[in-house]
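Asks: Can you read through this structure? Questions will come right after.
We did not get these values from a lab; they are worked out from the coordinates using the rules stated. As the structure is a computational prediction, the values presented were derived from the model and not from experiment. Neighbour counts are summed over all protein chains in view; Cβ atoms, including those assigned to glycine, are modelled from backbone coordinates with ideal geometry.
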Amino acid sequence: MAGGVAGGGNATSDTYAGARNWLLLPSWLVLGILVLAPVSMMLVYSFLTKEFRGGVIWEFSLGAYDQFFCSRGLFGDEPCQIEWTYILIFWRSIWQAGAATLLSLVIGLPTAYYIATRPAHVRPLWVFLITIPYWVNLLIRTVSMKFLLRDQGPLNDGLLAIGLISEPIGIVNTNFAVQLGLFYSYLPFMVLPIYASIERYNFALSEAAADLYAGKWTIFRRIVLPTVKPGIIAGCILVFVPSLGSFLAPDLLGGAKNFMIGSLIEEQFKGNAGNWPFGAAASMILLTMVLIILLLFARQQSRADRAGG
């Protein structure tokens with residue numbers, strides 16, 4: 001037996017070194033066709049010129065990005081002034097996605113902790129119950145949420161029946177409705193990564209801390225939370241990123257007053273009257289923002305790992 005394997009289980013040679021590239025080829029093809037190619041096309045289209053009757057003209061320019069950031073008056077011949085309309089839509093999207101992520105964390109963390117502390121034979125049942133909503137299409141779930149929240153929906157009817165309210169509460173077409181829709185859509189993305197982290201947690205550490213007279217809050221803050229932090233970060237990313245680009249919840253639950261960046265992009269690609277270069281530019285700006293957020297998270301996690309090491 002080779003010395004490297006017999007000594008510590010670390011092989012000194014890679015049996016599949018020659019075939020590694022061939023084994024990875026299917027993955028690279030999938031990434032290239034389904035990820036890299038569409039993003040590259042979107043990048044190219046963002047630098048093209050809109051044709052008056054729809055479509056694009058293959059003349060490269062920065063007009064789409066200029067339209068996003070600058071207001072040049074009715075005829076487009078005035079000096080550049082900041083176009084706050086689209087910037088505010090971006091800010092609203094960040095705020096809505098952040099609120100949905102926070103709400104998912106507040107509900108998801110104790111839910112994941114509860115599931116992870118159940119007997120081993122019942123945990124799969126709880127995980128199964130968490131994932132049941134994903135058996136139904138997102139559109140159907142969002143429409144169902146609108147039906148539940150509308151003025152004549154089951155929620156208002158129930159509150160009226162028990163006398164908690166005297167008239168229906170207008171929830172649909174509000175920021176709160178959008179946040180509820182995003183929360184309902186992506187809550188499992190928060191629960192499952194945190195559950196996976198807590199399930200691997202050694203609860204003997206909490207018992208040892210309790211024996212040393214540490215309070216429950218101290219144990220959670222100083223021992224449990226740092227241990228499950230990777231799961232919390234993963235859950236926040238998995239909820240925040242799709243919420244940022246969501247358009248179903250804003251369109252169906254928020255109305256025109258709660259326009260988000262996903263809705264803005266969707267509108268640009270509808271029919272022949274859409275502005276494809278502007279939609280592509282908005283998509284690239286959103287993609288850049290998401291990449292910056294992910295890089296910041298990765299950098300923070302790298303620093304934390306070095307500090308812990």
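Asks: Using a/c under 1.5 as the rounded threshold, could you call region 85-308 rounded, prolate or oblate? The axes a ≥ b ≥ c are square roots of the C-alpha gyration tensor eigenvalues, and prolate needs a/b larger than b/c, oblate otherwise.
Replies: Numbers: a/c = 2.33, a/b = 1.37, b/c = 1.70.
In terms of gyration-tensor shape, oblate.
Asks: In terms of modelled amide H atoms, which long-range or inter-chain residues lie less than 5 Å from the amide H of LYS50?
Replies: Residues meeting the amide H criterion: ILE57.
Asks: Can you compute the modelled spin-label distance between GLN300 and GLU83, with each label point 7 Å from Cα toward Cβ, in nm?
Replies: 3.1
Asks: For ILE292 and GLU59, what does the FRET efficiency come to when R0 = 51 Å and r is the distance between their Cβ atoms, rounded to the nearest 0.05? If you can, show how the numbers build up before the last one.
Replies: Values: r = 30 Å, r/R0 = 0.58.
With R0 = 51 Å, the Cβ-Cβ based efficiency is 0.95.
Asks: If the cut-off is 20 Å between C-alpha atoms, which aspartates and glutamates fall inside it for LYS270, apart from same-chain ones fewer than 8 positions away?
Replies: Candidates past the 8-residue exclusion: GLU51, ASP251.
Asks: So which lysines pass the test for LYS229, namely a Cα distance under 30 Å, with those fewer than 8 places away in the same chain ruled out?
Replies: Cross-link targets: LYS216.
Asks: In whole angstrom, how far apart do the alpha carbon centroids of region 35-67 and region 159-222 sit?
Replies: 43
Asks: Which Cys residues of the chain have no other Cys beta carbon under 4.7 Å away?
Replies: CYS236
Asks: Given a Förster radius of 25 Å and the C-beta distance between LEU125 and ARG221 as r, what FRET efficiency does 1/(1 + (r/R0)^6) yield to the nearest 0.05? Each step should come with its number before you reach the end.
Replies: Details: r = 30 Å, r/R0 = 1.21.
It comes out at approximately 0.25.
Asks: What does the C-alpha gyration tensor say about the overall shape of region 176-223? Classify as rounded when a/c is under 1.5, otherwise prolate if a/b is larger than b/c, or oblate. Walk me through the intermediate numbers first.
Replies: Details: a/c = 6.52, a/b = 2.34, b/c = 2.78.
Oblate.
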